[in-house]
Amino acid sequence: MSIRQDLIDILKAQSYEEREVTLSSGKKSNFYFDGKMTTTDPYGAWLVGKLIFEAIRDLKPDGVGGMSIGADPITTAVTIVSHLEGQPITGFLIRKEPKKHGKRLSIEGGYNLKEGSRVVMVEDVVTTGGSTLKAIEKSEEAGFKVIKVISIVDRQEGGREAIEAAGYSFDSLFTKRDIVTPL
């Protein structure tokens, strides 16, 4: 079996549910992807880290990160795999709101990342692209140059188009079509 197939199997078993939900975009849906169920599984995390690293390694990014909390385990998985592969990529985490105490940061981690650092944004699931675009905005406010956006799953509900219309390259490991069982 391939690692792509292994990841699809884990996503279907652990992250996909057929039920009525309201998404973060406010849209209603009859299915739900909870990427954290896969990215907090030891094998699932490694698979995600490996496949995303393979997808971005030739870009030689300085950093990888995204909006907390969905991107946190993805970021960690990619940074670990990048170290094991001999091409370390620094991770960073973006808070939805700046911390109210201490340094009052919007971005955590990112040791050695500075203005002009080339970064890849990661997401577990992209629907409309709204949270991804907010994460990009905060990254650019920190002086980072976003060179790519990659998600585990693209729900194929306009996110790719919104991200690309804003001028960013977007890829996903899988689309809704790859995972959703035909009804």
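Quick notes
- I94 being within 17 Å of V149 (Cα to Cα), touching a Lys or Arg at 6+ places or on another chain (Cβ under 6 Å) and β-branched (V, I, T): yes
- A77 vs. criteria among the small types (G, A, S), in a helix (DSSP H, G or I), buried (at least 22 other Cβ atoms within 10 Å of the Cβ) and within 14 Å of the chain's Cα centre (by Cα): yes
- The lone exception for P88 - which of (1) touching a Pro at 6+ places or on another chain (Cβ under 9 Å); (2) assigned to a loop (DSSP other than H, G, I, E, B) it fails: (1)
- If the condition is being more than 21 Å from E115 (Cα to Cα) and not in a helix (DSSP H, G or I), then the stretch 129-159 contributes G129, I150, S151, I152, V153, D154, R155, Q156, E157, G158.
- A Cβ distance below 7 Å, combined with a sequence gap of six or more or placement on separate chains, defines the contacts here; from the stretch 59-87, residues that are under 19 Å from S117 (Cβ atoms) reach residues that are crowded, with 23+ Cβ neighbours inside 10 Å and of a type in the set (S, T, Y) in the pairs V64/T75; G65/T75; G66/T75; I74/T39.
- Members of the stretch 21-58 that are out of contact with any strand residue (DSSP E or B) (no Cβ under 7 Å at 6 or more places or on another chain) and under 30 Å from G116 (Cα atoms): A45, W46, L47, G49, K50, F53, E54, R57, D58
- Total residues in the stretch 80-91, condition farther than 20 Å from V125 by Cβ, touching a strand residue (DSSP E or B) at 6+ places or on another chain (Cβ under 6 Å) and buried (at least 21 other Cβ atoms within 10 Å of the Cβ): 1
- Counted residues, the stretch 3-55 - those being among the acidic types (D, E), part of a helix (DSSP H, G or I) and under 27 Å from L133 (Cβ atoms): 1
- All of (1) of a type outside the set (V, I, T); (2) assigned to a helix (DSSP H, G or I); (3) modelled with pLDDT under 95 hold for A162 with one exception: (3).
- Annotation: of all residues in the stretch 116-157 being modelled with pLDDT under 95 and more than 23 Å from E97 (Cα to Cα), the one that is surrounded by the fewest Cβ atoms within 10 Å (Cβ to Cβ) is Q156.
- Residues in the stretch 149-183 that are touching a helix residue (DSSP H, G or I) at 6+ places or on another chain (Cβ under 6 Å) and of a type in the set (K, R): R155 alone.
The values are calculated or read from the model by the stated rules, or taken from the named source; none is laboratory data. Values in this document were obtained by computation on a predicted structure and should not be read as measured data. FYI the Cβ positions are ideal-geometry reconstructions off the backbone, even for glycines, and counts take in every protein chain you see.
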